[in-house]
1. If you go through the stretch 247-286 one residue at a time, how many are in contact with a strand residue (DSSP E or B) (Cβ under 9 Å, 6 or more places away or on another chain) and loosely packed, with under 12 Cβ neighbours inside 10 Å?
2. One residue is enough: does the stretch 31-44 have a residue meeting the conditions in the same structural domain as Y87 (by TED's automatic domain parsing) and part of a strand (DSSP E or B)?
3. Among the residues of the stretch 60-73, what is the count of those that are without any contact (Cβ under 8 Å) to a residue 60 or more places away in the chain and closer than 10 Å to G27 by Cα?
4. Are any of the residues in the stretch 345-368 more than 20 Å from I440 (Cα to Cα), among the hydrophobic types (A, V, I, L, M, F, W, C), more than 44 Å from the chain's Cα centre (by Cα) and not in a helix (DSSP H, G or I)?
5. When you go through L264, L322 one by one, which is the residue that is of a type outside the set (D, E, K, R) and touching a Phe, Trp or Tyr at 6+ places or on another chain (Cβ under 9 Å)?
6. For the condition exposed (fewer than 15 other Cβ atoms within 10 Å of the Cβ), under 39 Å from the mean Cα position of the chain (by Cα) and modelled with pLDDT under 90, what is the one hit in K405, K443?
7. I'd like to verify a number: residues in the stretch 405-420 that are farther than 17 Å from Y358 by Cα and either touching a Lys or Arg at 6+ places or on another chain (Cβ under 8 Å) or outside the structural domain of P372 (by TED's automatic domain parsing) (or both), how many?
8. Could you tell me which of the residues E426, E413 is in contact with a His (Cβ under 6 Å, 6 or more places away or on another chain) and surrounded by fewer than 16 Cβ atoms within 10 Å (Cβ to Cβ)?
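The values are calculated or read from the model by the stated rules, or taken from the named source; none is laboratory data. Computed from a prediction, not measured in an experiment: that's the story for all the values here. Here the Cβ positions follow ideal geometry from the backbone for every residue, glycine too, while neighbour counts run over all protein chains shown.
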Amino acid sequence: MLNAFKNHTADQFPFLKNSRNVIAISGGIDSVVLAHLCHKLDFKIALAHCNFNLRGKESDSDEEFVLDLGEQLNVEVFVQNFDTEAYAKENKCSIQMAARELRYDWFSELAQQLNFDYILTAHHADDNLETFLINFTRGTGLNGLTGIPALNDNIARPLLPFSRETIEAYAKIENIEWREDSSNSSRKYLRNKLRHEVVPILKEINSQLLDSFQSTLQHLNDTADIVEESLNAVAKRAITHMDENHITFKISEFKKVNNPKAYLFEMFKDYGFSEWNDVVNLLDAETGKYVVSNTHKLIKHREFLILTDCHYELVSESQSGLFFTKSDIEIGKVQTPIGILFFDEAEALLDNSKTTIYVNLEKLKYPLELRPWETGDVFHPIGMKGKKKVSKFLKDEKLTPFEKKDTWVLTSENKIVWVVGRRADERFKVTDQTNQILKIELK
């Protein structure tokens, strides 16, 4: 196995040889064998062990074993203790999920603080099969059936091609000691049920099951590449606007494809949506209809779907106004939540634009206030006779709900000087009688 591991890492993970690597080690056979293999190949390694304090003295014995292994291999060992049950209760998740989150968060923090290049985990071919079956039984898309990635950011899994049987055989030949986790024999968890009850039957049916599975994974990954290429092409045509707060999609592009539901699923599956028929129905829904997940909201607006983070709405609704004194204006530059406002006296009047206006400085009364527009706000759009509600103006401009939400107004004595980025107010416009002109620009 050592030669096979050496050839595999040289081919697929050549960077590990000269990298600083930390091995996630439980004390079980898989991670212990990985540590021995890397040590024999002279990889620069350290060991990182999580004590989840779930099995009493057994957990403490695992920790002691890993510390002893570090001395045996003459490598540094890092240990972190967790109150896993308290974390699971606080975050309303399963013990397994809690352990996973705690483990990977700590590994990431450790790598960042101590400048480790890669985190090595001991996932192997049987783990890959079990993960596939778990996703399959729970229901998943194509990505859930493409297996555990061999390299995911800085997490590398160099044992993935090797079976549990191969790893056990190597450990026995090399007289490698390891710790047995008593919870692995329990049928309480789905993974263990599959490992002890389902996978042995599948291997009995097909003695070359893992080889066949590897071949299937390769085909599925090839198909996933084709799907991603097609998805990217549709996304490129469909996305009309993207910023840190929301993404706007053109509905017509989804209607052009043969299977809109499939594209919608692939496009939005990472945002927590589960009611896919409701998502599909948005394509023909009335403006204002929406679907929500725990984290995101997908809204139908005219001929668009708009995806936004639910948290964004809460933040934007809580924003308050800013007040500018005369001295602020004289400084000439003010940082605001919507950009930088520049103020400068102008010698002559130029045409107003959406981002630059010219106003009669003598009509301004300080302090000026910059704030989100409110229901009931009224202004006198420049170039028009009479007044108009800001809400009606924004509707006539055919703004999306989020463009409306992001609209602010600049006021003087509660009179709107500028619907910022949209239209100046007639009452403050420059005339032939104006002596002082103020240029206001948003960047």
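1. Residues that pass the stated criteria total 3.
2. Here is the first cut: in the stretch 31-44, the residues in the same structural domain as Y87 (by TED's automatic domain parsing) are 31-44.
Cutting the leftovers down to part of a strand (DSSP E or B) gives us 44.
Yes, the conditions are met somewhere in the stretch 31-44.
3. 5
4. Taking every residue of the stretch 345-368 in turn, none turns out to be more than 20 Å from I440 (Cα to Cα), among the hydrophobic types (A, V, I, L, M, F, W, C), more than 44 Å from the chain's Cα centre (by Cα) and not in a helix (DSSP H, G or I).
5. Details: L322 fails: touching a Phe, Trp or Tyr at 6+ places or on another chain (Cβ under 9 Å).
Going through L264, L322 in turn, the sole match is L264.
6. The match here is K443.
7. Initial filter on the stretch 405-420 (farther than 17 Å from Y358 by Cα): 405-408, 413-414.
After this cut, where a residue has to be either touching a Lys or Arg at 6+ places or on another chain (Cβ under 8 Å) or outside the structural domain of P372 (by TED's automatic domain parsing) (or both) as well, the list is 407-408, 413.
Adding up the residues that qualify gives 3.
8. E426
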